[in-house]
Amino acid sequence: MARFTGRSVLVTGSSQGIGAACARRFAKEGANVVINGRKESEETKALLAELQAMGQRCVFVAADVGTAAAAATLVAQAVEAIGVLDVLVNNAGVERSSDFWDTTEEDYDLVMDTNVKGPFFVTQAFVKHCRAAARKGAVVNMSSVHEELAFPHFASYCASKGAMRMLTRDLANELAPLGIRINNVAPGAIATPINRHLMDTPELLRPLQAKIPLGRLGQADEVAALVAFLASEEAAYVTGSTYFVDGGLSVSYSEQ
Ligand code: NAD
């Protein structure tokens, strides 16, 4: 199935994990893809070569999404390299863990700048591009089950994903008249480098798996499949909502 032939997609934070899986999925389905990370690395070079081998135009643009200026430059460079953008996936995200009372301003700013300010201003630049080019568009934000579920010791992360939920609901209204849809994807526990410590620590992993109705962590390409659906024309009547991909974690029931 080639749902994205002739369309161009920007995936932020796509050097590894869920972002890289999204980039692969879009390229497999025929899209030109712009991948992004803070800087070029062996990983980004290898991923780019893999995507280009699929036959589409694919480029890497280095940018830290955490400032408005870098967000605007990222979109401008993506458009310059690839001609036009139809889909934006705001995937870049970080988390920091600490007791609430020990959380530093530096860690708070890193999480909020990457997870909220980044998507806010990258989306703004994307919308300006769509308006100037008189094109429709689709935005998919990588939220988390923690836009809904509490996660003690990750207060700034929860605040950032809660903010993303409301940003999406609000923008769905403002962007609909422009023909731009926007939705959130909320993964549960996915096997990516962000969870390396969890995956390497059986005493943490086992109780988590026991809480997940489907009994396992998710895979990055299972998240990418939902992202691709929401970005595609098959989701033409879908905007302003959050879609969970969490093995049932957010509805899990314990009799204790
Ligand atoms: P990851 O750490 O494996 O990858 C994150 C990517 O974002 C990396 O490519 C990193 O280089 C990039 N990045 C970080 N800060 C950036 C910045 N300022 N500018 C540009 N790029 C930046 O994480 P992942 O598990 O693939 O997570 C991707 C997204 O999914 C994040 O938004 C995360 O909050 C969300 N998420 C992940 C899980 C999970 O279990 N893995 C669950 C829920 C939500």
Review point. Out of curiosity, is residue 8 open to solvent by less than 10 Å² (accessible area, probe 1.4 Å), hydroxyl-bearing (Ser, Thr, Tyr) and within 15 Å of the ligand (Cβ to nearest atom)?
Key: no
Practice item. Could you pull out the residue among 204, 214 that is in contact with a His (Cβ under 9 Å, 6 or more places away or on another chain) and more than 25 Å from residue 11 (Cα to Cα)? Key: 204
Check your understanding: Which number in (1) closer than 20 Å to residue 141 by Cβ; (2) open to solvent by 20 Å² or more (accessible area, probe 1.4 Å); (3) of a type outside the set (Asp, Glu) marks the one condition that residue 84 misses?
Key -> (1)
**Study point:** Candidate set: region 23-46, residues that are part of a helix (DSSP H, G or I) and touching a residue at least 60 places away in the same chain (Cβ under 8 Å); chosen: the one least open to solvent (accessible area, probe 1.4 Å)
**Key:** 26
Exercise for review: Please tell me if residue 174 is touching a strand residue (DSSP E or B) at 6+ places or on another chain (Cβ under 8 Å) and open to solvent by 30 Å² or more (accessible area, probe 1.4 Å).
Suggested key: no
Check your understanding: If you take the residues of region 126-147 that are crowded, with 24+ Cβ neighbours inside 10 Å and within 16 Å of the ligand (Cβ to nearest atom), which of them is farthest from residue 176 (Cα to Cα)?
Key -> 144
Check your understanding: Is there any pair linking a residue in region 86-113 that is more than 13 Å from the ligand (Cβ to nearest atom) to one that is at pLDDT below 95, with Cβ under 8 Å and at least six apart or on different chains, and which?
Key -> none
Exercise for review: Run residue 117 past the list (1) open to solvent by 30 Å² or more (accessible area, probe 1.4 Å); (2) near the ligand (Cβ under 10 Å from one of its atoms); (3) in contact with a Ser or Thr (Cβ under 6 Å, 6 or more places away or on another chain) and report the number of the one that doesn't hold.
Suggested key: (3)
Exercise for review: Could you check how many residues of region 150-187 are assigned to a helix (DSSP H, G or I) and not aliphatic (A, V, I, L, M)?
Suggested key: 13
Point to revise | Residue ranges of helices (runs of 4 or more DSSP H) in region 188-256 with at least 3 members among the charged types (D, E, K, R) and out of contact with any Asp or Glu (no Cβ under 8 Å at 6 or more places or on another chain) | key: 202-211
Exercise for review: Note down all Cβ pairs under 7 Å where the first residue falls in region 233-252 and is among the β-branched types (Val, Ile, Thr), the second is open to solvent by 40 Å² or more (accessible area, probe 1.4 Å), and they're at least six residues apart or on different chains.
Suggested key: 239/176; 242/165; 245/222
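The values are calculated or read from the model by the stated rules, or taken from the named source; none is laboratory data. Only a predicted model underlies this, so the values are computations on that prediction, with no experimental measurement involved. Ideal geometry is used to build each Cβ from the backbone, glycine not excepted, and the neighbour counts take in all protein chains shown. Note: accessible area is taken over every heavy atom of the protein model, side chains too, but ligands, DNA and RNA are not part of it. Shrake-Rupley method; radii C 1.70, N 1.55, O 1.52, S 1.80 Å.
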